[in-house]
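What follows is calculated from the coordinates using simple rules that are stated; it is not laboratory data. Predicted model only: the values in this text are computed from it and were never measured. Neighbour counts are summed over all protein chains in view; Cβ atoms, including those assigned to glycine, are modelled from backbone coordinates with ideal geometry.
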Amino acid sequence: MRVLVVEDDAKIASFVTRGLKQAGYAVDHAPDGDTALALLDSTAYDAAIVDVMLPRLDGISLVKRARAARRELPVLFLSAKGSVEDRVRGLQAGGDDYLTKPFAFSELLARVQALIRRATAAPEATRLTAGDVSLDLVSRAVTCAGAPVDLQPREFALLAFLLRHAGRPVSKTMILEHVWDYSFDPQTNVVDVVMSRLRAKIDPDHRRIETVRGVGYVLRPSKG
Amino acid sequence: MATGPLQRFRRSLALRLALLYAGVFAVGSALLFGFLYWTLTEALNDREQATVERRATELAELYARGGPALLRARLDREAAAGGRAFFVRVLRPDNSLVLVSVPPDWIETQVERLPFPGLIVTRPTYTVRIPQDALRDYAIAGVTLPDRNFLQAGILIESQTVLFAPLRRAFALAGGGGLLLSFLLGTLVAWRATGPLRAVAETAGRILATGDLAARVPGGAGRGELAALVRQLNTLLERNAVHVRGLSEMLDNLAHDLRTPLTRLRGAAELALQDGGDPAEARAALASCIEETDRLLHLLEVLLDVSAAEAGVLRLHRETIDLGELVYRAVDLYREVAEERRIRVRIEQAVPVPARVDAVRLGQAVNNLLDNALKYTPEGGNVVLAVRPAPEGAALEVRDDGPGIPEAEREAVFRRLYRSDASRSQRGLGLGLSMVKAIVEAHGGTVRATAAPEGGACLRVQLPGDAIAKA
């Protein structure tokens, strides 16, 4: 898996590159849009992380050009602008996801992994399983340690989201985006509330769903 | 670069306008006078010419009847009778003289210079004399006689140069005086009229030089365009001053609000750095550093929004939406939170209330109101969200049957970072209601806290008519 990082800030580029390499990706770094275009022409990438504000050729134009010339390439935009319009503009320009600076690296990693999987993986199985938790997307049946569990719609959606990212931490923002379909942070504790209800039903002692401080939550694939 | 008043005047628009007007005045009156002068001289000339032509024709008839003898006899008789003396002569085709009668006041040279149509004078063949009076012109007419001789008649007339000299003098005096007067008056009027422009430039220069935002352009009381310009500019300056004041207040408040979380962050980082500390403790301290950072970022975002709205610089992206839709979305978002506390949430709406609002921002305000109500309503309580058209726009109410807000605190709850004693135990930043107020006021509306008929608090948002879409 090869990822292109287009970012003009050397420090951010360095920590993103290092983190992605640690996670097992091959990483190339382009400090500006022109270099990025050249790299995209010569190399096949599985995903690109693109800063919106770049010197000379900006990120959105870069992605438009790359899209015009080439096949699908999952793109995640990075931007310091957090407003809803910027997000919409980025997504309309052909970005698949959008992350606001400052961000947690774990959240970036989770989003990149999700992008690559969406682009490469076979159609999703109707059954999601991690450890002794299993969820059927069609029959909407959930079992935990062999026993059936009755979940409310949002609890069900939350568990499905966690199962899709099993083993990788997901942030509250990602949960709000995918479970509540909120594209901005409504600044509430609703995620905590639904999370605690879900935990009460399948994970009373917090062994399966772990809170990662400063990041979010992670569903452990196996017990212990 | 100091400029004296004189130098400023020399470059001024007023002077240029006055000069232009004076120039136009001068050209105009010169044209008028020229035309008058020309018409007058032409009229006089025509009259004199007609006199001599009549005389020449009359004498020619006489000559035709009786020849030179009869003509001479007539001229002698007339000379003896007195009256206006005419110059008369008859010439043969070879230019030799048949007859001449020269009035006593003609001079010889004048006669020589007389035009002889169709003839060429080669030498003088007669002499005349004239008194010392050079300021005269002559008018002359010629007639060809039946025997192919040529008869000429002429009179002396006042020289027009002399005749019109007083007129020209009068014009030079009146024109010159008028020109000077019009230039002076024009300068005065133009200088006064362009006064507001100078005041505007002066004020702008002062603001640029000193940064004094309180400076205003004096004047602007009149009704003309320039007075309107001055008023508009003053309004603009006033608005700018308000914005700048708002922004600087916002910066002050931000700096103040960020100090506490930054101190906590710094403390946690210091703890992580302590020598000989337990690695697990260091990790925990770093984790709380991250958490503090997130809180700080979150606080910063909210404060920026609140401050921008309070300073009147929050940009709204209005769209038409049913206010009930916003209420429904908020209730849906908080469904589990309400269930968790066994609070019944009810929506009260009889008719659609379409409004032109920023759906994201106003939605955030509704969320905050509901969040607030759910926080302060005891378990098992009730919350009602009501939307209805109001006499002036629309009203949105969030009521609960909780303990309510004491009368003394009903203003204060909207202040930023205000936490009532009762809410200290609650999680939150103390920004929810100030955010609501900021967003609603950015929409031109108001929000008030009152007592609900249910016994608890009632937060009432009133949106103005222009935020309400015409259905």
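For this structure, a couple of remarks:
- Placing unit charges on the Cβ atoms only, positive for Lys and Arg and negative for Asp and Glu, gives chain B a dipole magnitude near 2300 debye about its Cα centre.
- Taking 7 Å steps out from each Cα toward its Cβ at residue B:147 and residue B:258 produces label points 12.6 nm apart.
- By the count of other C-beta atoms within 10 Å, a proxy for reagent exposure, B:328, A:25, A:217 are ordered fewest to most as B:328, A:25, A:217.
- Near residue B:394, the amide H atoms lying under 5 Å from its own belong to B:463; only residues 5 or more places off or on other chains count, and H is placed 1.01 Å from N.
- The alpha carbon gyration tensor of chain A gives principal lengths a ≥ b ≥ c with a/c of 1.5 or higher and a/b greater than b/c, which makes the shape prolate.
- Using only side-chain charges placed at the Cβ, +1 for Lys and Arg and -1 for Asp and Glu, the dipole size of chain A relative to its Cα centre rounds to 440 debye.
- Cα gyration tensor, the protein assembly as shown - rounded (a/c under 1.5), prolate or oblate: prolate
- Tilt relative to chain B, helix B:13-81 - C-alpha long axis, 0 to 90 degrees, to 10: 20
- Using θ = phi - 60° in the Karplus curve 6.51 cos²θ - 1.76 cosθ + 1.60, the 3J(HN,Hα) couplings for region B:192-207 round to 5, 5, 8, x, x, 4, 5, 5, 4, 4, 5, 5, 4, x, 5, 5 Hz; x is entered for Gly and Pro.
- Amide H to amide H, with H built 1.01 Å from N, residue A:149 comes under 5 Å of A:142, A:143, A:144, counting only residues 5 or more places away or on other chains.
- Nearest 10 degrees, 0 to 90: helix A:190-202 Cα axis against chain A principal axis: 50
- Per-residue ellipticity at 222 nm computed for the protein assembly as shown from its helices equals -16500 deg cm²/dmol, with DSSP H segments shorter than 4 residues left out and the rest contributing -39,500 (n - 2.57).
- Approximate spin-label separation residue A:145-residue A:56, in nm, with each point projected 7 Å along Cα-to-Cβ: 6.1
- Per-residue 3J(HN,Hα) values for region B:444-459, derived from phi via the Karplus relation 6.51 cos²θ - 1.76 cosθ + 1.60 with θ = phi - 60°, read x, x, 10, 9, 9, 9, 9, 8, 8, x, 6, x, x, 8, 10, 9 Hz in sequence order (x marks Gly and Pro).
- Placed amide H near residue A:27: partners under 5 Å, 5+ positions off or other chain: A:3
- Overall dimensions of region B:206-310 by Cα: Rg and Dmax, Å: 24.2, 80
- Cα shape, chain B, gyration tensor, a/c 1.5 rule: prolate
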